[in-house]
Amino acid sequence: MSIYGNLEFLNLKSKPKSTDVVVQYKATPVKGVPLKRLCEYIAGESSIGTWTKISTMNPKIAKTLKPHIFYVNEKTNQIKIAYPEQLFETGNMPGIMSSIAGNIFGMKEIKGLRFEDFALTKKHVKAFRGPQFGVQGIRKMTGVKKRPFVGTIVKPKVGLTSAQHAKVAYESWAGGLDIVKDDENLTSMTFNQFDKRMKLTFRARDQSEKETGEKKLYLANITAPYNEMIRRAKIVKKLGGEYIMYDVLTAGWSALHGVRDFCQDNKLAIHGHRAMHGALTRNHDMGISMLVLAKTYRLIGVDTLHIGTAGIGKMHGSENEELIIEQEIERERIKEDISQNILAQDWHGLKPVLAVASGGLSPLQLPQVMKVMGNDIVMQGGGGVHGHPEGTMKGATAFRQAVDAAMENISLSEYAKTHKELAKAIEKWG
Ligand code: CAP
Ligand code: MG
């Protein structure tokens, strides 16, 4: 008998239906609570149950909205639950997450709970916009056909005046980079106010485009209270910008829905930075995987998203996990999963997201990142550009040269013989 009376959630013989949202957790019970008992608590608390039998429950609710636990692995503590899709409002990511990633993390019976993966039904996927441009759209926007995109983050992260920021941005574009972005914690400070930074930096962008003949992108960080974000996005649009940057965790899912709607009407691409993700994703026994977060951002519709450097850069991460994430946000159709450990999400035509590898990268790591993550990526360097012994412009050139070398299958040391900026980078970081 279930702890919820007749609300039997455990049904290991059942299979998910095409109208079920499937969720995978890694669930570790406190001592004395059997795993299957914990599964019932999780299934109940994330759907229609509470801690005891209630007089207001009725058979119709149980019949139409009861989830089924159809998989329990006592060795790995992985469990899978199929939820009837009508349990969730379509097109409402905060709402969906309040169910399958809400109260359950706080239950006393949980020693550890990691939300590992989820797959939405066709009805739910179709209710989200998805990326406006996607990989091919960004390639079309910039004319960068095959090679990875190269970009930088203006450094120091915060501290420059708007004029100094614009100068560093100009040198980065003029040196050969496609993209310049604001850092995740640069918003609008007294010494570098947003409106002034936009005016001066877009002027620098336009100048660098004229001089190089190349399309240059500025990812302006609009992260702020919602109404102010829209005001800032309007300024980007007015100045001829094509992109805004959005800190997806700290600014949240709800505002991302609104920003995505604004960007649809104004043909602006969205760059998702994942500052704070480590608080949820690093602990493999408690929290939420980056795969889950990345799927939510593809559904709502960012065009580019930081997913790590497959363990090559400075941030904690693992090649396998980050390749799975890259596959899941970039693939167009169901392919053999590179790990049996993920739920095959049919994206029903939602555009793919361009993966961003950033964090601790100098020109020396770029060929390895390309080997591991492929060419449909953005590779960004902050210290790896502005730390070049001959300054930002040469640092940008060295970054671009490393990608050109890899695209021509020439080793960096060989290429450096005829490209002095790269040679200087190797001297410093080799
Ligand atoms: C990189 C960066 C990015 C990290 C975030 C930084 O600077 O600007 O925010 O890439 O990590 O502030 O660390 P550096 P992730 O190139 O100087 O390291 O992309 O893994 O989310
Ligand atoms: Mg940063």
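The values are calculated or read from the model by the stated rules, or taken from the named source; none is laboratory data. A quick note: this is a predicted structure, and the numbers were derived from the prediction, not measured. Virtual Cβ from ideal backbone geometry, glycine too; neighbours counted across all protein chains shown.
Tabulated values for the structure
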quantity: Given (1) within 16 Å of ligand 2 (Cβ to nearest atom); (2) aromatic (F, W, Y); (3) surrounded by fewer than 17 Cβ atoms within 10 Å (Cβ to Cβ), index of the condition Y218 fails; calculated: (3)
quantity: Residues of segment 129-166 satisfying the condition of being within 15 Å of ligand 1 (Cβ to nearest atom) and among the β-branched types (V, I, T); calculated: V150, T152, I153, V154, V158
quantity: Some residue of segment 276-283 being farther than 19 Å from G137 by Cβ, crowded, with 18+ Cβ neighbours inside 10 Å and within 16 Å of ligand 2 (Cβ to nearest atom); calculated: yes
quantity: Residues (more than 15 Å from the chain's Cα centre (by Cα) and either away from ligand 2 (no atom under 16 Å from the Cβ) or modelled with pLDDT of 95 or more (or both)) located in segment 351-372; calculated: L361, S362, P363, L364, Q365, L366, P367, Q368, V369, M370, K371, V372
quantity: Pairs, first over 20 Å from V292 (Cα atoms) in segment 10-31, second part of a strand (DSSP E or B) and of a type in the set (D, E, K, R), C-beta under 7 Å, six or more apart; calculated: P29/K111; V30/K111
quantity: Output for segment 117-132, where each listed residue is closer than 16 Å to L256 by Cβ and in contact (Cβ under 8 Å) with a residue 60 or more places away in the chain; calculated: F128, R129, G130, P131, Q132
quantity: Qualifying residue in segment 222-240 (condition: over 24 Å from L354 (Cα atoms) and of a type in the set (S, T, N, Q)); calculated: yes
quantity: Single unsatisfied condition, L177 versus (1) in a helix (DSSP H, G or I); (2) touching a helix residue (DSSP H, G or I) at 6+ places or on another chain (Cβ under 7 Å); (3) under 27 Å from H419 (Cα atoms); calculated: (1)
quantity: Long-range neighbours under 8 Å by Cβ, at least six apart or interchain, first residue over 16 Å from G301 (Cα atoms) and among the hydroxyl-bearing types (S, T, Y) within segment 314-331, second within 14 Å of ligand 1 (Cβ to nearest atom) and in a loop (DSSP other than H, G, I, E, B); calculated: S318/A310; S318/G311
quantity: Test: residue in segment 380-388 that is near ligand 1 (Cβ under 10 Å from one of its atoms), under 18 Å from the mean Cα position of the chain (by Cα) and not charged (D, E, K, R); calculated: yes
quantity: Residue identified as modelled with pLDDT under 95 and touching a strand residue (DSSP E or B) at 6+ places or on another chain (Cβ under 8 Å) among G112, G134; calculated: G134
quantity: Members of segment 172-196 that are more than 16 Å from ligand 2 (Cβ to nearest atom), at negative phi and touching a residue at least 24 places away in the same chain (Cβ under 8 Å); calculated: W173, A174, G175, D178, S188, F191, Q193, F194, D195, K196
quantity: Matching option when the condition is more than 15 Å from ligand 1 (Cβ to nearest atom) and assigned to a loop (DSSP other than H, G, I, E, B), among D265, D285; calculated: D285
quantity: Unmet criterion (only one of (1) on the phi > 0 side of the Ramachandran plot; (2) part of a helix (DSSP H, G or I)) for A169; calculated: (1)
